[in-house]
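> Sharing a structure, written as structure tokens. Questions coming.
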Amino acid sequence: MQGSQGLKPYQSILSAGESEIVIQKSRFLGYFLPVSSEEEAQEALTKIRKQHYDARHCCYAYRVRAGNVVRSSDDGEPSGTAGAPILSVLTGAGVDDVLCAVVRYFGGVLLGTGGLVRAYGKSASEALAATKITQMIVCRRIQITISYAAFHVVEPSIRAHRYPFQAEYGELVTLSLLLPEEETDQFSAWITDRTDGSAKIEVLEQSLTPFEKTNDEIKNV
């Protein structure tokens with residue numbers, strides 16, 4: 001689904017993940033990070049390189065939605081043995097706005113091209129497993145103005161469905177909610193029905209948001 005403003009859902013990660021494996025005395029340290037731009041990815045790589053200034057290699061891959069940027073680097077390893085398997089993990093997981101870097105401390109034993117591909121791929125996979133993948137979906141912000149009596153009627157169900165909201169209390173209650181765009185019409189109809197048409201409903205801006213809620217539909221409230 002693509003929103004009317006061109007927003008498109010995608011998968012990303014909510015937090016960083018790390019891994020460490022040792023193969024034939026070489027240490028591979030994996031770092032999986034969320035990034036929002038190529039500049040941010042490069043800044044993160046600079047920090048990792050400074051942290052591991054004494055490492056032999058810092059190989060990486062990243063996918064950034066802004067500009068559809070896809071980059072990878074073997075950083076001195078044989079061509080195709082590091083950046084490509086790392087990028088394959090990102091592509092296979094279908095995640096965007098992410099960077100994965102794998103630092104190698106050489107242990108003195110040559111692993112061969114096949115061994116390097118497996119080592120870098122495993123390090124990236126384990127770092128990814130330490131993160132939390134989330135679906136970034138198109139959401140709408142809705143503002144609802146209702147009486148206190150109506151608020152007490154609808155508020156328990158809104159909380160039960162884990163729709164993020166803020167409330168301002170004046171002569172009336174003004175609720176600002178964020179919910180998946182495809183549920184906007186159904187939710188508005190439900191509010192109208194539960195408040196006997198007294199609610200004032202404004203549909204506001206779209207955004208891409210990591211959204212988690214129960215599996216129940218609003219129709220089952």
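> Could you tell me whether any residue of region 190-205 is farther than 9 Å from Ile142 by Cβ and within 26 Å of the chain's Cα centre (by Cα)? Quick ask: steps written out before the conclusion?
In the first step, residues of region 190-205 are kept if they are farther than 9 Å from Ile142 by Cβ; the result is 190, 192-200, 205.
Now restrict to residues that are within 26 Å of the chain's Cα centre (by Cα): 205.
Within region 190-205, one or more residues are farther than 9 Å from Ile142 by Cβ and within 26 Å of the chain's Cα centre (by Cα).
> While we're looking at this one, here's another question. Assess whether Glu18 counts as being surrounded by fewer than 21 Cβ atoms within 10 Å (Cβ to Cβ), modelled with pLDDT of 95 or more and part of a strand (DSSP E or B).
Numbers: surrounded by fewer than 21 Cβ atoms within 10 Å (Cβ to Cβ): yes; modelled with pLDDT of 95 or more: yes; part of a strand (DSSP E or B): yes.
The answer is yes for Glu18.
> Another question, then. Looking only at region 27-40, count every residue that is assigned to a strand (DSSP E or B) and either touching a Lys or Arg at 6+ places or on another chain (Cβ under 6 Å) or of a type in the set (D, E, K, R) (or both) and tell me the total. Lay out the reasoning, then the answer.
Looking only at region 27-40, we keep the residues that are assigned to a strand (DSSP E or B), and these are 27-34.
Narrowing further to those that are either touching a Lys or Arg at 6+ places or on another chain (Cβ under 6 Å) or of a type in the set (D, E, K, R) (or both): 27-28.
Residues in region 27-40 being assigned to a strand (DSSP E or B) and either touching a Lys or Arg at 6+ places or on another chain (Cβ under 6 Å) or of a type in the set (D, E, K, R) (or both): 2 in total.
> Ok, one more. Just one of (1) touching a strand residue (DSSP E or B) at 6+ places or on another chain (Cβ under 8 Å); (2) of a type in the set (Gly, Ala, Ser); (3) exposed (fewer than 15 other Cβ atoms within 10 Å of the Cβ) trips up Gly112, so point out which.
(1)
> I would also like to ask the following. Considering only region 158-179, state which residues are surrounded by 16 or more Cβ atoms within 10 Å (Cβ to Cβ) and polar (S, T, N, Q).
Once the filter is applied, which keeps residues that are surrounded by 16 or more Cβ atoms within 10 Å (Cβ to Cβ) and polar (S, T, N, Q), region 158-179 yields only Thr174.
> Identify, please: which residue in region 63-97 is part of a strand (DSSP E or B) and touching a helix residue (DSSP H, G or I) at 6+ places or on another chain (Cβ under 6 Å) and is, among those, surrounded by the fewest Cβ atoms within 10 Å (Cβ to Cβ)?
Filtering region 63-97 for residues that are part of a strand (DSSP E or B) and touching a helix residue (DSSP H, G or I) at 6+ places or on another chain (Cβ under 6 Å), the one surrounded by the fewest Cβ atoms within 10 Å (Cβ to Cβ) comes out as Val69.
> Cβ-Cβ distance below 7 Å, separation of 6 or more or different chains: which pairs start in region 162-173 with a residue that is in the same structural domain as Pro210 (by TED's automatic domain parsing) and among the hydroxyl-bearing types (Ser, Thr, Tyr) and end on one that is part of a loop (DSSP other than H, G, I, E, B) and surrounded by fewer than 10 Cβ atoms within 10 Å (Cβ to Cβ)?
No pair meets every condition.
> Looking at region 37-58, I want the residues that are closer than 17 Å to Val69 by Cβ and have a partner that is assigned to a loop (DSSP other than H, G, I, E, B) with Cβ atoms under 8 Å, at least 6 apart or on another chain. Which pairs are those?
Listed pairs, sorted by first residue: Ser37/Ala66; Glu38/Ala66; Glu38/Gly67; Ala41/Val35; Ala44/Val35.
> Now for a separate question. I'm trying to understand the selection: among the residues of region 106-157, which are of a type outside the set (A, V, I, L, M, F, W, C) and in contact with a helix residue (DSSP H, G or I) (Cβ under 9 Å, 6 or more places away or on another chain)? Before you say what the answer is, go through the steps one by one.
Initial filter on region 106-157 (of a type outside the set (A, V, I, L, M, F, W, C)): 107-108, 112-115, 118, 120-123, 125-126, 131-132, 134-135, 140-141, 143, 145, 147-148, 152, 155-157.
Listed by number, the residues that qualify are Arg118, Tyr120, Gly121, Lys122, Ser123, Ser125, Arg140, Ser157.
The values are calculated or read from the model by the stated rules, or taken from the named source; none is laboratory data. Quick caveat, the model's predicted, so the values are computed rather than measured. Cβ sites come from the backbone with ideal geometry, for glycine too, and all protein chains shown count toward neighbours.
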